[in-house]
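The values are calculated or read from the model by the stated rules, or taken from the named source; none is laboratory data. The structure displayed is predicted, hence computed values, not measured ones. A quick note on method: Cβ atoms are made from the backbone with ideal geometry, for glycine too, and the neighbour counts reach across all protein chains shown.
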């Protein structure tokens, strides 16, 4: 095998492909959520991967949906054509997930057979596969919550499903960075790594609350900024009892937390920009890149809110959150290892 197609490059490209596929899954998942398509498939079997192909089959699928809480409470006006428009997004979402599973499993088995994966890194590749399987389970677990009584998925299950996707993508990127320079890196914990960790933690918590906003559809209220319809904190954000539940289950309270966390993360990005000036060249570039991506994400968040969450803006905002998190991983890696050769 020539150097241009070395085993290391093939495995590395496979990992990067996995990152792109997960990003694609986030895009499709965002569209599925924003078009309210996620509860259109009320039953699903592993063997049944083909969509309805006849009018009778579509009518049967529609009949299943008509028995669901979402149809009874939200979409009673839906015709069969209306149903098809939401069914296809959820179908694509699920099938794309299956395709990702195959893209990971089959090449992994080949790489393992060819011994292209170092023994001391094998556990990291197995964790990637485990995260993928867990993500699939959480998707089923999330959808199930919206098919009984209330026609809306639990914001907690949505947050778990989305967060796991972000964790999986970030971990794949971390493994790719480690594998790409395997044997050419020396562990080196720098003074700036601790601050990068806290920035990453703040970003991740912000992503979780973004999922709460999505699950409660809290982006469609208080569509003003910087005030919430004239108030620093909307009165409705403190209306629930017990008080703490406002910030996990109340639409106004959840949006307030998301706004506040966004401002905190932006301040941390400005601090990061200042700290990065004293770092070595590659770390400085990574720090400035992360600062810029956080700034752009903040602007996207405000714009999405002011525009009352059009689908394309909601999807861009969600995907760019992944870009921010990957930038954190890249910078954290720079503060953990130095090229030794």
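General observations
- Residues that are in a helix (DSSP H, G or I) and surrounded by 15 or more Cβ atoms within 10 Å (Cβ to Cβ), drawn from region 303-322: 304, 305, 313, 314, 315, 316, 317, 318, 319, 320, 321, 322
- Condition check for residue 116: touching a helix residue (DSSP H, G or I) at 6+ places or on another chain (Cβ under 6 Å), surrounded by 14 or more Cβ atoms within 10 Å (Cβ to Cβ) and within 22 Å of residue 177 (Cβ to Cβ): yes
- Residue match in region 71-81 (condition: surrounded by 12 or more Cβ atoms within 10 Å (Cβ to Cβ) and under 26 Å from residue 136 (Cβ atoms)): yes
- For region 174-197, the criterion of a residue being farther than 30 Å from residue 280 by Cα and in contact with a helix residue (DSSP H, G or I) (Cβ under 8 Å, 6 or more places away or on another chain) is satisfied by no position.
- Annotation for region 52-68: at least one member residue is touching a residue at least 40 places away in the same chain (Cβ under 8 Å) and out of contact with any helix residue (DSSP H, G or I) (no Cβ under 9 Å at 6 or more places or on another chain).
- Some residue of region 139-154 being crowded, with 19+ Cβ neighbours inside 10 Å, within 22 Å of residue 17 (Cα to Cα) and in contact (Cβ under 8 Å) with a residue 12 or more places away in the chain: yes
- Which listed residue is assigned to a loop (DSSP other than H, G, I, E, B) and outside the structural domain of residue 118 (by TED's automatic domain parsing), from 233, 207: 233
- The lone exception for residue 197 - which of (1) assigned to a helix (DSSP H, G or I); (2) assigned by TED's automatic domain parsing to the domain that holds residue 72; (3) surrounded by fewer than 17 Cβ atoms within 10 Å (Cβ to Cβ) it fails: (2)
- Residue in region 305-312 that is closer than 19 Å to residue 167 by Cβ and modelled with pLDDT of 95 or more present: no
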